[in-house]
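The values are calculated or read from the model by the stated rules, or taken from the named source; none is laboratory data. The structure presented is a predicted model; accordingly, all values stated were derived computationally and were not measured. Glycine gets a Cβ as well: all are built from the backbone with ideal geometry, and neighbour counts include every protein chain shown. Keep in mind that these areas ignore ligands, DNA and RNA; they rest on the heavy atoms of the full protein, side chains included. Shrake-Rupley method; radii C 1.70, N 1.55, O 1.52, S 1.80 Å.
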Amino acid sequence: MIHSLPTFNQDNSLEWQLNLIQHLDVGIVVLDKAFTVRLWNTFMVNHSGISAEHMLNAHLFSKFTDLPEDWLRRKIQTVIMLDNSAFTTWEERPWLFKFKSYRPITGSARHMYQNATLLPLKNAQGEVDHVAIIIYDVTDAATNRLSLLNANQELSRLSITDQLTGLSNRGYLESCIKSEFERFCRTQQKSSLVMLDIDYFKKVNDTHGHLVGDEVIRKISKCITMFTRTTDLAGRYGGEEFAILLINTPIGNAKIFAERLREAIENTVIQVDNLDLYVTVSLGISVSDKGYTDYNQWLNDADQALYRSKERGRNQVTLADYD
Ligand SMILES: Nc1nc2c(ncn2[C@@H]2O[C@H](COP(=O)(O)OP(=O)(O)OP(=O)(O)O)[C@@H](O)[C@H]2O)c(=O)[nH]1
């Protein structure tokens, strides 16, 4: 037997609409001007664990103390005053109602990410006297986007990091030296560049093997990190060569820094497996205010100074020759 559809009339259309609102897969809360709850649909019951009986006629902010009360009050008052809807996304505010996330495929999210719309509701006289808050569960989209962002951040971190030491890699170092040189040209605040190379490193490799050599490089990089301020930048320039950019540091201070680092490395026992190893380093320093026209000359002068430290017997610091 075929049932004809019920006739659409004022009475049962209201019932339908209420039923529809109750069972929509979005949260719907209706508030009056005093923030008293007038409607609390099934979505809100299921996710808050608070029944409609408890919420109806209750003051919203007394039941949900972790709501951003000042912000939401202002938002609702503006919606009523201007008779305009408002929208907030999870990017601006991850959630309005702090509900747990039960999504199996997005197990990483502990809370439900939400977008929310605030709609003005008019009475029979055409005056706005209620506001509907519609809550959309956007946990899947948000977690997908966040994991993409994390992956991109990790990728850009990896692209500037030396894998063996975790210091900056050569490409990143050079781009920082370049921008530091450009900053010097604008501000005339001098910075110094220290190049450092492990002495007789080939012998370490030849005697103990490449893996021990790698460990020595790692230990030296740790020493450099310990001595470097967070505002400075240390990186691995090549095999056993490092560069340290000392921001806002004149050559005198750079020399004190380099001398302390040289001495510390000379006195450090590098323990690898059962071996106690000692290495020394040679250093060269140049400062940015020597009339260079590009950063490569600055870099080259530090490298030349390092080369002279090697020539003079190693385990020493040499300043670039500016005469
Ligand atoms: N273990 C290891 N060795 C490296 C790495 N990169 C470069 N080397 C080695 O470092 C050594 C550098 O040797 P040289 O350039 O002759 O210099 P040196 O023996 O340190 O001598 P001086 O610099 O003149 O004091 C070479 O044997 C390279 O193979 C690395 O990542 N790991």
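The table for this structure:
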{"read-out": "Whole-angstrom gap from the range 109-185 to the range 195-255, using each part's C-alpha centre", "value": "35 Å"}
{"read-out": "Förster-model FRET efficiency, 35 Å R0, Asn152 and Arg186, C-beta, rounded to 0.05", "value": "0.70"}
{"read-out": "Over the range 107-165 - Rg/Rh using Cα atoms and the Kirkwood inverse-distance radius", "value": "1.39"}
{"read-out": "Pairs beyond 18 Å (Cα-Cα), from Lys203/Lys310; Lys202/Lys310; Lys33/Lys122; Lys178/Lys290; Lys63/Lys122; Lys255/Lys290", "value": "Lys63/Lys122"}
{"read-out": "Asn12/Asp129 FRET efficiency (R0 22 Å; Cβ-Cβ; nearest 0.05)", "value": "0.30"}
{"read-out": "Ranking by accessible area, most exposed first, for Lys122, Lys310 with a 1.4 Å probe", "value": "Lys122, Lys310"}
{"read-out": "Heavy-atom accessible surface of the range 159-317: percent carbon and sulfur, 1.4 Å", "value": "48 percent"}
{"read-out": "Selection of trypsin sites (Lys or Arg not before Pro), the range 8-92, meeting DSSP coil and at most 16 other Cβ within 10 Å", "value": "Lys33"}
{"read-out": "Amide H within-cut-off set for Ile28, under 5 Å, with H built and near neighbours excluded", "value": "Asn41, Phe43, Met44, Ile135"}
{"read-out": "Under-5 Å amide H pairs with Tyr237, H placed in peptide plane, nonlocal only", "value": "Phe242, Ala243"}
{"read-out": "Residues in the range 239-275 reached by a label modelled at Leu211 [backbone nitrogen below 16 Å; 7 Å Cα→Cβ]", "value": "271-275"}
{"read-out": "Kirkwood Rh, Cα atoms: Rg over Rh of the chain", "value": "1.30"}
{"read-out": "Distance between modelled label sites at Asn46 and Asp321, nm, 7 Å Cα→Cβ extension", "value": "8.1 nm"}
{"read-out": "³J(HN,Hα) computed for each position of the range 237-252 - Karplus, 6.51 cos²θ - 1.76 cosθ + 1.60, integer Hz, glycine/proline x", "value": "8, x, x, 10, 10, 10, 10, 10, 9, 9, 6, 6, 10, x, 5, x"}
{"read-out": "Calculated from backbone phi, Karplus (6.51, -1.76, 1.60) coupling profile of the range 82-98 in Hz, x at Gly/Pro", "value": "8, 6, 9, 7, 10, 9, 9, 10, 5, 5, 6, 8, x, 7, 9, 9, 7"}
{"read-out": "Mean residue ellipticity (222 nm) of the chain, computed from DSSP H runs ≥ 4 via -39,500 (n - 2.57), nearest 500", "value": "-14000 deg cm²/dmol"}
{"read-out": "Accessible surface, 1.4 Å probe, highest first, among residues Thr225, Thr89, Thr293", "value": "Thr293, Thr225, Thr89"}
{"read-out": "3J(HN,Hα) from dihedral phi, the range 46-51, Karplus parametrisation 6.51/-1.76/1.60, rounded to Hz, x for glycine, proline", "value": "4, 8, 8, x, 10, 6"}
{"read-out": "Alpha-carbon radius of gyration plus Dmax, which is the widest Cα pair, for the range 10-153 in Å", "value": "16.2, 57"}
{"read-out": "Accessible surface, the chain, averaged per residue in Å² (probe 1.4 Å)", "value": "57 Å²"}
{"read-out": "Residues with amide H under 5 Å from that of Val138, placed H, sequence gap 5 or more", "value": "Tyr113, Gln114, Asn115"}
{"read-out": "Kirkwood-based Rg to Rh ratio, the range 159-317, C-alpha trace", "value": "0.97"}
